[in-house]
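The values are calculated or read from the model by the stated rules, or taken from the named source; none is laboratory data. Here the structure is a predicted model, which is why all the values come from computation and not from measurement. We place every Cβ from the backbone using ideal geometry, glycine too, and count neighbours over all the protein chains shown. The protein model used for the area step is the full one, side chains on, heavy atoms only, and it has no ligands, DNA or RNA in it. Shrake-Rupley method; radii C 1.70, N 1.55, O 1.52, S 1.80 Å.
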Amino acid sequence: MPGHLPDSFDYLDAAHEMAHTGRPTLARLLAEEAATRTDDPDEAAHILSHFPSPASLRLKDC
């Protein structure tokens with residue numbers, strides 16, 4: 001939609017889509033963006049807990 005700026009829900013939705021299509025690194029990056037756009041630190045931590053850190057990804061998963 002023109003003029004619509006993505007919010008944390010848009011980024012989180014995209015992160016889930018990337019995770020389900022086998023793109024874990026992109027999913028993590030989108031989740032990190034969703035977390036930065038969330039005002040509640042507990043919710044941000046919750047978002048990130050559902051996506052592995054890029055440092056823990058195995059090469060075969062990328």
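For HIS50, the conditions (1) open to solvent by less than 80 Å² (accessible area, probe 1.4 Å); (2) at pLDDT below 95 all hold with the exception of (1). Residue under question is LEU29, and the condition is that it be open to solvent by 80 Å² or more (accessible area, probe 1.4 Å), of a type in the set (A, V, I, L, M), at pLDDT below 95 and not in a loop (DSSP other than H, G, I, E, B); does it hold? When the stated conditions are applied, LEU29 passes them.
Looking at this structure, is ALA15 modelled with pLDDT of 95 or more and either assigned to a helix (DSSP H, G or I) or surrounded by 18 or more Cβ atoms within 10 Å (Cβ to Cβ) (or both)? Before you say what the answer is, go through the steps one by one.
On the way: modelled with pLDDT of 95 or more: yes; either assigned to a helix (DSSP H, G or I) or surrounded by 18 or more Cβ atoms within 10 Å (Cβ to Cβ) (or both): yes.
Spelling it out, ALA15 is indeed modelled with pLDDT of 95 or more and either assigned to a helix (DSSP H, G or I) or surrounded by 18 or more Cβ atoms within 10 Å (Cβ to Cβ) (or both).
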